[in-house]
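Accompanying notes for the structure given below.
The values are calculated or read from the model by the stated rules, or taken from the named source; none is laboratory data. In this text, all values refer to a predicted model and were calculated from it rather than measured experimentally. Positions of Cβ are generated from backbone atoms using ideal geometry, with glycine treated the same way; all protein chains shown enter the neighbour counts. When the accessible area is computed, the model is the full protein with side chains, heavy atoms only, and any ligands, DNA or RNA have been set aside. Shrake-Rupley method; radii C 1.70, N 1.55, O 1.52, S 1.80 Å.
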Amino acid sequence: MTVLAPGKVTVDVRLVPEDLRRALRHDARAGLCAQPKTMPPVWFYDDRGCELYEAITRTPEYYPFRAERDLLRRSAGEIAEASGASVLVELGSGTSEKTRLLLEAMADGTAGLAGYVPFDVAEGTLRTAAASVADDFDIGVHGVVGDFHEHLDDIPDLDGPRLVAFLGSTIGNFPPPQRARFLGEVAALLNPSDRFLLATDLVKPVDRLVVAYDDAEGVTAAFNLNLLSVLNRELGADFDPDRFVHRAVWDPDNRWMEMRLEAQEAMVVHVPELDVEVEFGAGEQMRTEISAKFTFDQVRRELGAVGLQVTGLWTDAAGDYLMTLARPA
Ligand code: SAH
Ligand code: AVI
């Protein structure tokens with residue numbers, strides 16, 4: 001058990017730049033050589049990608065951010081009380097902006113707020129957020145820089161019941177088998193008095209979904225295309241982002257949005273770090289993200305399948321977005 005000293009920030013780095021480059025080489029070799037081509041969304045989040053994600057959250061079309069904020073404004077107090085937790089662990093914490101609503105509610109609640117554990121792959125963003133939360137709330141912050149799929153075991157076991165929150169509907173970015181595995185790992189992490197808070201975007205009419213992932217200003221397009229700049233910088237590739245366009249497509253069978261990058265003409269891209277040449281046909285699409293949309297029943301079922309029992313459900317006023325509190329059964 002670790003006790004957090006008020007105002008103090010500790011950051012454990014489980015992914016140093018060399019680990020990240022090795023993982024990127026692995027994902028790029030598998031994804032660029034696959035048919036159809038694909039890349040996992042974790043590679044969006046370099047410093048520029050984090051800035052672009054924040055810019056997306058300010059576009060009028062991207063409703064999930066505002067829906068989640070609305071939900072927390074209305075219900076963070078109830079969620080904090082129902083959790084009984086005094087430590088907040090947050091997976092994929094990013095800038096921790098909306099998290100503050102939860103932290104405030106916990107600080108004002110019966111159990112009080114003893115500490116915050118942000119977990120994210122983006123080290124710079126995490127460090128800035130950690131320092132600012134420690135200052136503003138006068139609590140200890142123990143950050144972990146790691147990958148959801150490898151480093152959940154490195155989350156510290158702190159003195160006090162924990163609320164493990166996964167906000168942003170980031171769970172929607174995992175393909176279903178990876179989602180099931182991840183939920184099982186979260187369940188294994190929880191002590192009997194810990195709780196899990198899962199945010200999910202709900203299924204809704206396709207016209208709203210498509211514009212949310214293809215805003216008029218082109219911010220989401222820039223976020224998607226930034227992936228090519230990451231591949232160029234980290235692997236010495238020669239992608240020309242001007243020869244690709246952003247596509248956002250609803251898949252009704254899987255109930256998820258897909259972001260793709262479409263080659264505008266046939267080309268060969270060189271990736272010296274992998275020692276490969278990648279051929280694109282004119283119009284060929286590479287999948288860069290899925291963003292699954294959920295139903296209440298589905299969330300309950302998927303949590304139940306890993307031994308988590310739902311104890312609370314909250315939506316925003318418009319009913320666009322869901323937060324589910326669960327406990328080890
Ligand atoms: N929770 C915030 C940010 C969501 S954006 C919000 O609701 O607005 C998704 C966040 O998850 C980013 O900060 C990104 O860096 C992080 N992330 C994406 N893939 C990750 C992975 N595989 N492991 C750890 N963090 C990851
Ligand atoms: C972080 N994640 C849940 C966002 C989403 O909606 O899938 C990332 C994003 N992609 C395009 N816009 C926002």
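Figures for the structure shown
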| read-out | value |
| --- | --- |
| Area projected by the alpha carbon convex hull of the range 128-229, averaged over all directions, nm² | 9.5 |
| Note, ³J(HN,Hα) from phi for the range 50-61, Karplus 6.51, -1.76, 1.60, rounded to Hz, x at Gly and Pro | 4, 5, 5, 4, 4, 5, 4, 5, 9, 6, x, 7 |
| P(r) histogram, all alpha-carbon pairs of the range 214-329 included - 10 Å bins from 0, percent | 12, 30, 24, 18, 15, 1 |
| Extreme residue, positive dipole direction of the chain, given options Gly236, Leu72, Val276 (C-beta unit charges) | Leu72 |
| Antiparallel %, DSSP beta bridges [both residues in the chain], to 5 | 55 |
| Residue-by-residue Karplus 3J(HN,Hα) for the range 121-137, coefficients 6.51, -1.76, 1.60, Hz, glycine and proline x | 7, 8, 5, x, 4, 5, 4, 4, 5, 4, 5, 6, 5, 4, 5, 5, 9 |
| Dipole magnitude (debye, nearest 20) for the chain, charges at Cβ of Lys, Arg, Asp, Glu | 820 |
| Low-density loop cleavage sites - GluC sites (Glu not before Pro) in the range 87-178, where at most 16 other Cβ are within 10 Å (DSSP) | Glu97, Glu150 |
| Tilt relative to the chain, helix 99-108 - C-alpha long axis, 0 to 90 degrees, to 10 | 0 |
| Rounded tilt (10° steps) of 219-235 against the dominant C-alpha axis of the chain | 70 |
| Separation of alpha-carbon centers, the range 207-238 and the range 58-74, rounded to whole Å | 21 |
| Under 5 Å, built H, 5+ apart or other chain: amide partners of Ala165 | Val89, Glu90, Leu91, Leu197 |
| Charge context of Glu265, other residues only, Cβ under 14 angstrom, K/R +1, D/E -1 | -4 |
| Linear extension gain, Ala34 paired with Glu150, 0.36 nm per residue minus alpha-carbon span | 39.5 nm |
| Extreme residue, positive dipole direction of the chain, given options Gln178, Pro328, Met267 (C-beta unit charges) | Pro328 |
| Residue-averaged 222 nm ellipticity for the chain, from DSSP H runs of 4+ at -39500 (n - 2.57), nearest 500 | -11500 deg cm²/dmol |
| For Ile139, residues with placed amide H under 5 Å, excluding near neighbours | Gly7 |
| Cα long-axis angle, helix 176-189 against the chain (0 to 90 degrees, to the nearest 10) | 30 |
| Mean projection area, nm², convex hull over Cα of the range 46-134 | 5.7 |
| Solvent-accessible ranking of Phe148, Phe44, largest area first, probe 1.4 Å | Phe148, Phe44 |
| Share of alpha-carbon pairs per 5 Å distance bin for the range 145-194, given as whole % | 4, 17, 29, 27, 16, 5, 1 |
| Two-site FRET efficiency, His270 against Arg25, from Cβ-Cβ distance with R₀ of 22 Å, rounded to 0.05 | 0.90 |
| Accessible surface, 1.4 Å probe, highest first, among residues Arg243, Arg301 | Arg301, Arg243 |
| Directionally averaged shadow of the chain, computed from the convex hull of its alpha-carbon atoms, nm² | 15.6 |
| Options Ala30, Ala131, Ala85, ranked by Cα towards positive dipole end of the chain, top entry (Cβ charges) | Ala85 |
| Percent RCO, i.e. relative contact order, over the range 70-200, from Cα pairs under 8 Å lying at least 6 residues apart | 27 |
| At q = 0.12, 0.17 Å⁻¹, base-10 log of I(q)/I(0) for the range 20-168 (Debye sum, equal scatterers on each alpha carbon) | -0.56, -1.01 |
| Only Lys, Arg (+1) and Asp, Glu (-1) charged, at Cβ; the range 69-118 dipole about Cα centre in debye | 120 |
